[in-house]
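The values are calculated or read from the model by the stated rules, or taken from the named source; none is laboratory data. No experiment lies behind these values; they were computed from the predicted model shown. Methodologically, a virtual Cβ is constructed for each residue, glycine included, from the backbone with ideal geometry; neighbour enumeration extends over all protein chains shown.
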Amino acid sequence: MNARILLGLLLLGVLSTGCTHSVHQLTMGGLDDIPRGAHLHPIEVEADQHAVVAAGDTDFSDRAVGLLAAKCPRGRIVGIEARYSTSLSFLSYTNRMKITGYCLREDEEPGAQTASR
């Protein structure tokens, strides 16, 4: 009898610790703003929120946007792709925001005038 209970608990433990992953939303934009002949620099950031049972901090997506802007301080970001996903495990989950794009520096835009000395 004890062996059956132990086996049942072991099986329950194995089956309840499985993980799942889900992509909730994928958006793209800013592709029309890319001038012909532009020199683009790829940038990528990730921010996440780990929660056990209930959500706490929910501003992880704002952090991701701030990190992306910090990677292109003297230009503008074009060709943006944002991916929001969740990884679930037993009594906890992780929300993740991954944003990629291209930095178009103001001094490298086609037609930008450079300062002469």
Q) Can you tell me how many residues in the range 19-57 are in a loop (DSSP other than H, G, I, E, B), small (Gly, Ala, Ser) and either surrounded by 10 or more Cβ atoms within 10 Å (Cβ to Cβ) or touching a residue at least 40 places away in the same chain (Cβ under 8 Å) (or both)? A) 4
Q. Residues in the range 58-90 that are farther than 22 Å from Asp32 by Cα and either in a strand (DSSP E or B) or touching a helix residue (DSSP H, G or I) at 6+ places or on another chain (Cβ under 9 Å) (or both): how many?
A. 7
Q | Any chance Ile99 is β-branched (Val, Ile, Thr) and in contact with a helix residue (DSSP H, G or I) (Cβ under 7 Å, 6 or more places away or on another chain) | A | yes
Q.
If I ask for residues that are at pLDDT 90 or above, within 11 Å of the chain's Cα centre (by Cα) and not basic (Lys, Arg), which ones from the range 71-91 would you list?
A. Glu81, Ala82, Tyr84, Ser85
**Q.** All positions within the range 60-88 that are surrounded by fewer than 12 Cβ atoms within 10 Å (Cβ to Cβ) and out of contact with any strand residue (DSSP E or B) (no Cβ under 8 Å at 6 or more places or on another chain)
**A.** Asp62, Ala70, Pro73
